[in-house]
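Enquirer: My questions all concern the structure below.
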Amino acid sequence: MNMLRFEHVSKRYPNGTVAVDDLDFEVREGELVTLVGPSGCGKTTTMKLVNRLEEPTAGRILLDGEDISRVDPVKLRRRIGYVIQQVGLFPHRTVLDNTATVPVLLGRGRKAARQRAGELLELVGLDPAVYGGRYPDQLSGGQRQRVGVARALAADPPLLLMDEPFGAVDPVVRERLQNEFLRLQQEVRKTVLFVTHDIEEAVRLGDRIAVFGEGRIEQYDSPAAVLGAPATDYVASFVGSDRGLKRLSVTPVERGDLEQPPVVHLADSMATARERMRADGVRWAVVLDEDDVLHGWVSVGDTPGDAARGGTVAEHARRMEAWLRLGSSLKTAFSTMLQYDAGWIAVLDEEDRLLGVLTPSTLHEALRRSIDADTRSVERSDVELETVSGV
Ligand SMILES: Nc1ncnc2c1ncn2[C@@H]1O[C@H](COP(=O)(O)OP(=O)(O)OP(=O)(O)O)[C@@H](O)[C@H]1O
């Protein structure tokens, strides 16, 4: 079902600038669509048309089948969450009260609104007990953005508009926010229109990407198709020449990529651990705690004396916190490895169970697989296009 539909929408500002020209596209329910393009191509205007901060000069926009020009703008905006780059938190209200703003406006009782706000802060990774009572200027930029996302979700709007929400934070925090947002989106499944000028961000987050050029959509397609088979020269040049690398953002880590080192538990004896490592011909093992949660690793040791190390694994294990979910992108895997300066990263399933590890050499194999797949998928989409035009 289509949640949002643009029908031949144009916007000419009073000074004559045509910011968007005959936009005609739709967004499905629960879909995350990224609008990407260079500065001034009409992305923000497109968003403002949806919550009626601007009115189209031609065409119409349907939300859930309803022409939004017939909906009271204030009521409309309560159905639409809006997250912008400068979050616009109220400086004199606490984080919890900021998050509860819209539910209170919607007439929920203050207590229920605050409880919901607490849950949402939790959901975006901010402990309400720690951060709820703080004021916005007592947060980092990344934390403020998270509060912005929590606040936009607070009214439980079916549609979220996000205009460069992660634009103002440094690249490391940005990637973390993107990952968190993807995880969150899997849980809440909102219909999202997400503006960015960064093709990488568009590719990582989008179920589909609308590539904008000069007020028009040049291509509206899946990330793999935009990267693998750009529709126009404009899209090709915007996507850039390092398509192979960008492809990493859309290639997930798969089970077949993983290595299976020996696994021991904190309570095991060192003698047992050594035996496992010897059996596998390796010098280290992954260590799990009693709940099978990743703890770290233990090695046979580097000096001859180490070989006689006694006691339990718990006494010799070292912490290791770099981990990924199965299905994370190869690019994330690569940057996590660099970020932690780690020789391996644990890969976990949805229930936090260890599935195996990625090492530099298995990662390299996976990169190859990705680039080979890229070549093949371009050929495949060529074939499909021919089939369609031949009908
Ligand atoms: N209120 C306005 N009056 C006149 N022209 C405007 C107005 N707002 C935007 N424009 C123009 O419309 C065009 C599209 O602007 P818009 O803000 O939608 O672009 P954008 O893609 O979001 O850019 P950026 O990435 O820089 O935010 C630009 O040429 C801009 O100068």
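Enquirer: Any residue in the stretch 217-229 that is part of a loop (DSSP other than H, G, I, E, B) and of a type outside the set (Lys, Arg)?
Expert: Scanning the stretch 217-229 turns up at least one residue that is part of a loop (DSSP other than H, G, I, E, B) and of a type outside the set (Lys, Arg).
Enquirer: Working only within the stretch 14-45, note down all residues that are of a type in the set (Ser, Thr, Tyr) and within 8 Å of the ligand (Cβ to nearest atom). Walk me through how you get there before you give the answer.
Expert: Looking only at the stretch 14-45, we keep the residues that are of a type in the set (Ser, Thr, Tyr), and these are 17, 34, 39, 44-45.
If the condition is that a residue be of a type in the set (Ser, Thr, Tyr) and within 8 Å of the ligand (Cβ to nearest atom), then Thr17, Ser39, Thr44, Thr45 are the ones that fit.
Enquirer: Let me ask another. I'd like to check something: does the stretch 178-189 contain any residue that is more than 11 Å from the chain's Cα centre (by Cα), within 16 Å of the ligand (Cβ to nearest atom) and among the basic types (Lys, Arg)?
Expert: no
Enquirer: Under 7 Å between Cβ atoms, which residue pairs at least 6 apart in sequence (or on different chains) link something in the stretch 144-173 that is in a loop (DSSP other than H, G, I, E, B) and modelled with pLDDT of 80 or more with a partner that is away from the ligand (no atom under 16 Å from the Cβ) and of a type in the set (Gly, Ala, Ser)?
Expert: As it stands, the answer is Pro157/Gly81; Pro165/Gly148, since those pairs meet every condition given.
Enquirer: A further question follows. Out of contact with any Asp or Glu (no Cβ under 7 Å at 6 or more places or on another chain), of a type in the set (S, T, N, Q), surrounded by fewer than 19 Cβ atoms within 10 Å (Cβ to Cβ) and over 30 Å from Gly142 (Cβ atoms), is that true of Thr17?
Expert: Numbers: out of contact with any Asp or Glu (no Cβ under 7 Å at 6 or more places or on another chain): yes; of a type in the set (S, T, N, Q): yes; surrounded by fewer than 19 Cβ atoms within 10 Å (Cβ to Cβ): yes; over 30 Å from Gly142 (Cβ atoms): yes.
Yes.
Enquirer: Okay, next question. Quick one: Lys48 ticks every box in (1) buried (at least 21 other Cβ atoms within 10 Å of the Cβ); (2) within 14 Å of the ligand (Cβ to nearest atom); (3) closer than 25 Å to Arg189 by Cα except a single one, so which number is it?
Expert: (1)
Enquirer: Next question, about the same structure. Condition test on Val74, is it away from the ligand (no atom under 16 Å from the Cβ), assigned by TED's automatic domain parsing to the domain that holds Pro165 and not in a loop (DSSP other than H, G, I, E, B)?
Expert: yes
Enquirer: Among the numbered criteria (1) outside the structural domain of Ser328 (by TED's automatic domain parsing); (2) modelled with pLDDT of 90 or more; (3) of a type in the set (A, V, I, L, M, F, W, C), which single criterion is violated by Val263?
Expert: (1)
Enquirer: Are any residues in the stretch 175-217 of a type in the set (D, E, K, R) and buried (at least 21 other Cβ atoms within 10 Å of the Cβ), and if so, which ones? Walk me through how you get there before you give the answer.
Expert: As a first pass, look at the stretch 175-217 and keep what is of a type in the set (D, E, K, R): 175-176, 180, 183, 187, 189-190, 198, 200-201, 204, 207-208, 214, 216.
Across the stretch 175-217, the qualifying residues are Lys190, Glu201, Arg204.
Enquirer: Please go through the stretch 126-143 and give me each residue that is in contact with a helix residue (DSSP H, G or I) (Cβ under 9 Å, 6 or more places away or on another chain) and without any contact (Cβ under 8 Å) to a residue 12 or more places away in the chain, ordered by number.
Expert: Asp127, Ala129, Gln138
Enquirer: Still on this structure, I have one more. Working carefully through the options Ile217, Ile209, find the one that is under 11 Å from Thr34 (Cα atoms) and within 15 Å of the ligand (Cβ to nearest atom). Spell out the reasoning first.
Expert: On the way: Ile217 fails: under 11 Å from Thr34 (Cα atoms).
Step by step, each of Ile217, Ile209 is checked, and only Ile209 is under 11 Å from Thr34 (Cα atoms) and within 15 Å of the ligand (Cβ to nearest atom).
The values are calculated or read from the model by the stated rules, or taken from the named source; none is laboratory data. Remember, it's a predicted structure, so these values are computed and weren't measured experimentally. Every residue, glycine as well, gets a Cβ built from its backbone with ideal geometry; the counts of neighbours run over all protein chains shown.
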